[in-house]
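The values are calculated or read from the model by the stated rules, or taken from the named source; none is laboratory data. Bear in mind that the values here come from a model prediction, so they are computed numbers and not experimental data. Here the Cβ positions follow ideal geometry from the backbone for every residue, glycine too, while neighbour counts run over all protein chains shown.
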Amino acid sequence: MNKKPFFRLSDWIAFGVTFVISLTVYTLTLQPTVGLEDSGELIVASDYLGVPHPPGYPIWSLLTWAFQWVFHKVTYHGYPNPAWAVNFFSAFTGAAACAVLALLVSRSGMDFLRNLKKETEVLGEKTESLFCCVAGIAAGLLLAFSQGLWSQSVIAEVYAPNILFQTAVLLFLYRWMCEPDNPRPLFLMAFVFGLGLTNHQTLLFMGAAIGVGVLVRNLKLARDFIIVGLFYVLMLIINKFGPEAWAWNRGWDHASFWVWSVYAVMIPVLGLFLPNGKTVCATYLLMLLGLSFYLYMPFSSDQNPPINWGYPRTWEGLMHAITRGQYEKVTLANVFSTTFLLQVGAYLRDLRAQFLGPIAALAILPFFAVRWLGKKNNFWLLTTAAAFVGVGILFIILQNPKIDLQTLFIARVQYIQSHAVYAIWIGYGLLLLMGGLDTLLSVIARKLFSEDGSRSNVDSVLRIITLLGVAMVFLLPFSLVAKNYFSRQQEKVVGGSEQNGHDFGWQFGNWQLRGVEGIKEDLWYYCGRDQEKFDEEWEKYPNPDYPPPMGTNAIFFGGTDPGRFVPTYMIYCPQVRSDVYLITQNALADNTYMAVMRDLYGDQIWIPSQQDSNHAFQEYVQGVQSGRINAGADVKTADGRVQVQGVAGVMQINGILCRQIFDHNQYITEEKTDESTRQSGAAVVPADPVGPDGKLRQRDFYVEESYVIPWMYPYLTPHGLIMKINNKPTPITREMIKNDQEFWGWYVDRLVNDRKFQRDIVARKSFSKLRSAIAGLYSARGHIQEAELAFRQAVALYPLSPEAVFRLADLYMRLKRFDEAREVIETFAAQDKHHDRTGAFLDQIDQVKTMSARKDELEQTIKDAKGASLDISQAFELISLYSALQEQAELRSMVNRVLSAQLPPQIKLQLAQQLAQMRRFDIAEVALVKYLAAKPDDTRIWIELAVVRMTLGHIPQALSALETAVEKGGDSARNQISKDARFRPLYSNPQFRSLVPAQAPKKTMQFNNLF
């Protein structure tokens, strides 16, 4: 007698219907080309079989490359469009994940119904199969149309395939739990689990469900798994706490690596001696086989792809990638705190929003039915509960997120795994609801009607009611489609899930690189290549010559994620400007990134060597030690090495390296071949690096700003979406301002009236950031009205942008428009109630308003005093207020007034101390010189003057002050100078070495002395 197949025809129908509907919706709403955020980076990594950001996603890269090979003929605006294939891979895997979930709910739902005696007696096999099938379809489509998965299944991302791996793990786990004597589903689950970890490591949280499932279904097998697992635990303990020479992570050029690698593979083999050894051994080895796809990364990295994150051809780079070395250290949430309750509350609100409140409530029903479901089904429910806790609650504890809108927007994609488990419960709830209501109606009908002629009519009515109920359940997921398009709350917070027609990523990159040429070309396609429509649209464009394309062989410093990733895609995939060199300004302090840059560009442009990078680091540290540079980070010494932790500090090092690249690449010495082709097929020929006068041609530089790099500001001018770094300090002319304002006026009006843009939060954030950067340039260069207009445009593009809002409010504070500043922040706070900076910013507005009023009062008091002697305490207070309010001209005027007054020298020294504490070393130098004019024998102050001058970069003058100190103080002064760590930057200076004996300072880090 043949055994019935585990999955019925109705189960496969649930799979097929769910897959077709999901894939159809995803394909219709697919992003047509490159997107923003990580899209460009991931697509380039896929196209060139490279290594994306940690943990590297090797299986994702391989599978998406295969999709690109199949769909390689797809184009966008006449250019190659590998982005579409990668986006479609997300759609395919997202639809497959929902289909697998439907298959799981349909098949496991049968077991649920067959344990309910009354339903089993009444429903019949056909009705039972129908209910299970429809419940499975509904569960799968509810997940498919949830905002989280839908939004990630139409773009280039790793989350849709992650859900496919997760649902496959659950399906194989359930299959094994139904027949725990058959190990084959367990083997499949182990391989898929290991393979899935090479797609996204959050799948690891499914380990809780696997452990519970094995434990409740086969305790002896679980025991053997634990015994073998303890040997892995032992390995981790020895590597963590044992001698360094024994550590596995020393690298593949050490014997310890190979010893532990063999050990890791042999552990399951040793498990063969256990009662369930064959199953345990095969399961562990298959999981390791899946994990082995991480070995793809060193081979990929060695081919020098354009996306080669972490440089994993080296052991350091491989560990950096696999261990997610670029991310901040994990700080677990305090589960006993109020903050954790708020975090869980925010998560549950997001969960409810994925499915709508009434639908989400259905997930509770299966847990009310546990009494009647039977042991096997309860074990399965317990396993799914462990999965939900693992990928939901435990993940929140590990993530420890803030609960403002911006953080939750970024974090929400990590919760899709728990949405999938929750959709399973909703499917069970719908199934039990259908089965229960149908059974109830049938029982009532039997009691009310006897076996007479009316019985057949009642049965017909019941069948109609049943079919109507089934139809309602089938249509229920489409309420989420309506929610996606009509929910204003969803649109405001996370935007729409659809991406059809959203080419903002293409605009972002094409218009930066090609300027008005790209704009004109895109408008031509926007008008459907209709000449009449195009002429009408082009007539609205303000300046047909602005912005000009980037100069040939230009260097482009990308900053934000889209600012570095989208141009990378445009340069390497459609190759619209493959002559441009793209360098990430935020990553220059990363040795692995610089190794990639040296491989890519080192034979064409000057790229800092390892030694140059070390010098930049030393320059920063020495600047901090001398007081010339504000640390902006945690700078500490450990094991003889100086460590810098903190974004501000790292960005200062990045700024130094940016300046080195800028200084060394002023002229084009070697052309980079431009392989791009226009629609006509004509190649773009690079300009001759030698100009008509026989001299080398100057290179153009551009920047898409992420963090401010102060040295750039005097060189920057607006350049369309981005800024140009001119080869010398350049004023911002009225013509530049006019071009910028007209361009952005046209573009902002176009964007804010585009319904697709209004529904695309990522696009709104990205373009708001671009405008904020140019507004910041205007502000720094003293163009206040222009800055205000640009900041207002940034806010209009995305009202929930903290950067645009806070920078606009800060500008209003500087202009003493305190009420407007408060209004801007309060409007923002009303929309993002949990943002942690709004309260402090409102307090700051009040403090600045109070300081401004006090400043006005002191100014009036001093003015009224007329010829009376200057009140020193009032003058010092006023100087502090000027400094706090950043009123530099007034600060200098009051300092000069104090220094010119007939006052004791000690007052001038106190003023110098105050100025040094405010880091106004330029004015402190003047005060010290005034003091020393009256007290020329004060050796200690001559030394402090040398420190101040060194901080200002005036080395000859600093050495002159030290000579005077030695002349007046002799050996005592020499000894003091030699032990002062602030003079460490001068140790290699011959003049300094002739003044003082070589002697290491007692302290390795000292930021000030007298000051």
Hits in the range 362-376 - residues which are buried (at least 17 other Cβ atoms within 10 Å of the Cβ) and under 40 Å from the mean Cα position of the chain (by Cα): Leu362, Ala363, Leu365, Pro366
The listed residue being in contact (Cβ under 8 Å) with a residue 24 or more places away in the chain and of a type in the set (A, V, I, L, M), out of Leu476, Leu467: Leu476
Every residue from the range 24-44 that is farther than 14 Å from Pro574 by Cα, assigned to a helix (DSSP H, G or I) and not aromatic (Phe, Trp, Tyr): Thr24, Val25, Thr27, Leu28, Ser39, Leu42
Members of the range 627-667 found to be in a helix (DSSP H, G or I) and either modelled with pLDDT under 60 or of a type in the set (Lys, Arg) (or both), listed by number: Arg659
Pick from the range 592-617, criterion buried (at least 16 other Cβ atoms within 10 Å of the Cβ), modelled with pLDDT under 90 and of a type in the set (S, T, N, Q), ranking: nearest to Met319 (Cα to Cα): Thr592
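Would you kindly identify the helices (runs of 4 or more DSSP H) lying entirely within the range 791-879 that contain at least 1 residues that are more than 23 Å from the chain's Cα centre (by Cα) and in contact (Cβ under 8 Å) with a residue 40 or more places away in the chain? Show your work before the answer.
Details: elements: 802-814, 818-831, 838-865.
So the answer is 802-814.
Residues are listed down the side, and each one gets a yes or a no for (1) under 15 Å from Met550 (Cβ atoms); (2) hydrophobic (A, V, I, L, M, F, W, C); (3) assigned to a loop (DSSP other than H, G, I, E, B); (4) at pLDDT 60 or above:
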| residue | (1), (2), (3), (4) |
| --- | --- |
| Thr669 | no, no, yes, yes |
| Thr673 | no, no, yes, no |
| Gln679 | no, no, yes, no |
| Ala687 | yes, yes, yes, no |
| Pro692 | no, no, yes, no |
| Tyr702 | yes, no, no, yes |
| Trp711 | no, yes, no, yes |
The range 535-562 residues that are touching a residue at least 40 places away in the same chain (Cβ under 8 Å) and at positive phi, paired with ones that are among the hydrophobic types (A, V, I, L, M, F, W, C) and surrounded by fewer than 18 Cβ atoms within 10 Å (Cβ to Cβ) (beta carbon under 9 Å, 6 or more apart): Asn553/Ala687
Only one of Lys738, Lys724, Lys756, Lys765 that is over 16 Å from Ala809 (Cα atoms) and outside any helix (DSSP H, G or I): Lys724
Neighbours by Cβ (under 8 Å, 6+ apart or cross-chain): first from the range 324-336, at pLDDT below 75; second outside any loop (DSSP other than H, G, I, E, B): Gly325/Met319; Gln326/His320; Val330/Leu398
Unique match (being in contact with a Phe, Trp or Tyr (Cβ under 8 Å, 6 or more places away or on another chain), of a type in the set (Val, Ile, Thr) and under 21 Å from Leu751 (Cβ atoms)) among Val576, Val516: Val516
Search result, residues across the range 614-624 that are of a type in the set (Gly, Ala, Ser) and within 29 Å of the chain's Cα centre (by Cα): Ala616
Residue, nearest to Ile845 (Cα to Cα), within the range 880-913, restricted to residues that are of a type in the set (D, E, K, R) and assigned to a helix (DSSP H, G or I): Glu890
Check on Asp754, exposed (fewer than 15 other Cβ atoms within 10 Å of the Cβ) and either within 19 Å of Phe508 (Cβ to Cβ) or out of contact with any Leu (no Cβ under 6 Å at 6 or more places or on another chain) (or both): no
Condition broken by His72, with the remaining ones in (1) over 22 Å from the mean Cα position of the chain (by Cα); (2) assigned to a helix (DSSP H, G or I); (3) within 23 Å of Ala160 (Cβ to Cβ) satisfied: (2)
Near pairs, Cβ below 7 angstrom, 6+ apart or cross-chain, from the range 369-382 (touching a residue at least 24 places away in the same chain (Cβ under 8 Å)) to any residue that is outside any helix (DSSP H, G or I): Trp372/Asn115; Trp372/Leu116; Leu373/Asn115; Gly374/Asn115; Asn377/Asn115
Residue selected from the range 820-857 under the condition surrounded by 17 or more Cβ atoms within 10 Å (Cβ to Cβ) and in contact with a Leu (Cβ under 6 Å, 6 or more places away or on another chain), by the criterion farthest from Gln406 (Cα to Cα): Lys855
Among residues of the range 939-980, those that are surrounded by 15 or more Cβ atoms within 10 Å (Cβ to Cβ) and closer than 18 Å to Val926 by Cβ, counted: 18
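Would you check if Val389 is without any contact (Cβ under 8 Å) to a residue 40 or more places away in the chain, hydrophobic (A, V, I, L, M, F, W, C) and in contact with a helix residue (DSSP H, G or I) (Cβ under 7 Å, 6 or more places away or on another chain)?
no
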Residue within the range 320-328 that is of a type in the set (D, E, K, R), under 23 Å from the mean Cα position of the chain (by Cα) and more than 30 Å from Leu49 (Cβ to Cβ) present: no
Qualifying positions in the range 596-613 - outside any helix (DSSP H, G or I) and either free of Cβ contacts under 8 Å to residues at least 24 places away in the same chain or more than 28 Å from the chain's Cα centre (by Cα) (or both): Gly602, Asp603, Gln604, Ile605, Trp606, Ser609
Selection status of Phe743, buried (at least 20 other Cβ atoms within 10 Å of the Cβ), among the aromatic types (Phe, Trp, Tyr), modelled with pLDDT of 95 or more and under 27 Å from the mean Cα position of the chain (by Cα): no
Any helices (runs of 4 or more DSSP H) falling wholly within the range 487-580 and containing at least 1 residues that are closer than 30 Å to Lys672 by Cβ: 504-514, 516-526, 561-572
Answer from Ile410, Ile359 - the residue that is closer than 30 Å to Glu491 by Cα, of a type outside the set (S, T, N, Q) and either surrounded by 15 or more Cβ atoms within 10 Å (Cβ to Cβ) or over 22 Å from the mean Cα position of the chain (by Cα) (or both): Ile359
Residue among Ala208, Ala247, Ala168 that is in contact (Cβ under 8 Å) with a residue 24 or more places away in the chain, surrounded by fewer than 20 Cβ atoms within 10 Å (Cβ to Cβ) and of a type outside the set (Val, Ile, Thr): Ala208
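Condition check ((1) more than 30 Å from Gln354 (Cα to Cα); (2) of a type outside the set (A, V, I, L, M, F, W, C)) across all residues:
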site: Phe71; (1), (2): yes, no
site: Ala83; (1), (2): no, no
site: Ala96; (1), (2): no, no
site: Val105; (1), (2): no, no
site: Met110; (1), (2): no, no
site: Ser129; (1), (2): no, yes
site: Cys132; (1), (2): no, no
site: Leu141; (1), (2): no, no
site: Ser151; (1), (2): no, yes
Residue within the range 95-112 that is buried (at least 24 other Cβ atoms within 10 Å of the Cβ) and over 30 Å from Leu437 (Cα atoms) present: yes
